[in-house]
Amino acid sequence: MNLEELRNLLPSKVKVLAVSKGQEISAIRLLASSGQVDFGESRVQEALPKLDSLKDLQDIRWHFIGSLQANKVRQVVRNFDVIHSVDSLKLAKRISRIAVEELKSPRVMAQVKFRNDPTKGGFNCEELIDSWNELTELPSMDFVGLMTISPLSFDLTQRKALFKECRLFADNLGLEDCSMGMSADWKEAVESGATWIRLGTSLFGSR
Ligand SMILES: *Cc1c(COP(=O)(O)O)cnc(C)c1O
């Protein structure tokens, strides 16, 4: 899909995160040259050499969207502007502590599971509510929203219902951003109030 066509379809509050995992440096440069600013990576080991080869592109913002291991937090805090995948209070505390040390202040989102999905990490809703005060008081990180991933087995109707729940939950917590929707279900996410859609294959082609 062409980025320009896509932008024309989207409400102005919806931003496109170009998920560049598994893609060539040249493909990322090409998309950046057409005005794409926000890029997402999900594996630290793969991302760091890519970020390094692209550091001449100073306007790019990097978003971390994958499962984040404790021993990789420092590298992510140093190199990424936004973290979509904060999936526990323990991880949030670690990010905060390291961000203080590194003089950084990442924008972060809590990854939430609205259905039981053993293949995915994330807070369930009760856990997030229980941790909420502590989370939002952590220094040097800015909680801006929620992120969710639909279970693969869901059809588009089920996905839309799940995305609506995410939007409602974010509204109740006073959060602006919902990072939800990927190549297969971004339309349903946009209709449900996403502010970030995370597109890999539909923008870049297959991995
Ligand atoms: C890979 C990935 C995407 C993009 O997936 P596509 O189906 O290629 O659009 C979005 N979000 C997360 C968390 C991912 O890991």
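All of the numbers you see were taken from the coordinates with simple rules; none came from a lab. Please read all numbers here as calculations on a predicted model, not as lab measurements. Here the Cβ is made from the backbone with ideal geometry for all residues, glycine too, and neighbour counts use every protein chain on show.
Only one residue of Cys166, Thr195, Ala184 has its Cα farthest out toward the positive end of the dipole of segment 158-198, where Lys and Arg carry +1 and Asp and Glu -1 on Cβ, and that residue is Ala184. For segment 25-143, the dipole from Cβ point charges (+1 on Lys and Arg, -1 on Asp and Glu) about the Cα centre works out to 320 debye, to the nearest 20. Summarising the label geometry, the points placed 7 Å from Cα in the beta-carbon direction at Asp130 and Gln158 lie 2.7 nm from one another.
Charges were assigned to the Cβ only: +1 to each Lys and Arg, -1 to each Asp and Glu. The resulting dipole of segment 3-204 about its Cα centre is roughly 340 debye.
Pick out, in residue order, every one of the trypsin sites (Lys or Arg not before Pro) in segment 25-100 that is DSSP loop and has at most 10 other C-beta atoms within 10 Å; say none if there are none. Listed in order of number, the matching sites are Lys55. Just going by the charge dipole of segment 1-132, with Lys and Arg at +1 and Asp and Glu at -1 on Cβ, which of Ser88, Ile60, Ser12 is farthest out on the positive end? Of the candidates, Ser88 comes out farthest on the positive side. With Cα atoms defining each centre, segment 8-67 and segment 94-164 are spaced 21 Å apart in the structure. Restricting attention to segment 1-150, lysine pairs at least eight places apart or on different chains and with alpha-carbon atoms under 20 angstrom apart total 16. Dipole check for segment 1-88: with +1 at the C-beta of Lys and Arg, -1 at the C-beta of Asp and Glu, and the Cα centre as origin, the magnitude is about 240 Debye. Near Asp117, no amide H atom lies under 5 Å from its own; only residues 5 or more places off or on other chains count, and H is placed 1.01 Å from N.
Evaluate the relative contact order of segment 22-101 (contact order divided by residue number), counting alpha-carbon pairs under 8 angstrom at least 6 apart; express in whole percent. 27 percent.
In percent, rounded to a whole number, the relative contact order of the chain is 20, using alpha-carbon pairs under 8 Å and six or more apart.
Were the residues from Arg74 through Met1 laid out at 0.36 nm apart, the gain over their Cα-Cα distance would be 22.8 nm. Under the simplified labelling scheme, the Ser12-Glu24 pair shows an inter-label distance of 3.8 nm, with each label point 7 Å from Cα along Cα→Cβ. Fully extended, how many nm does the chain gain between Arg207 and Lys120 (0.36 nm per residue separation, minus their Cα-Cα distance)? Full extension of this stretch gives 29.3 nm more.
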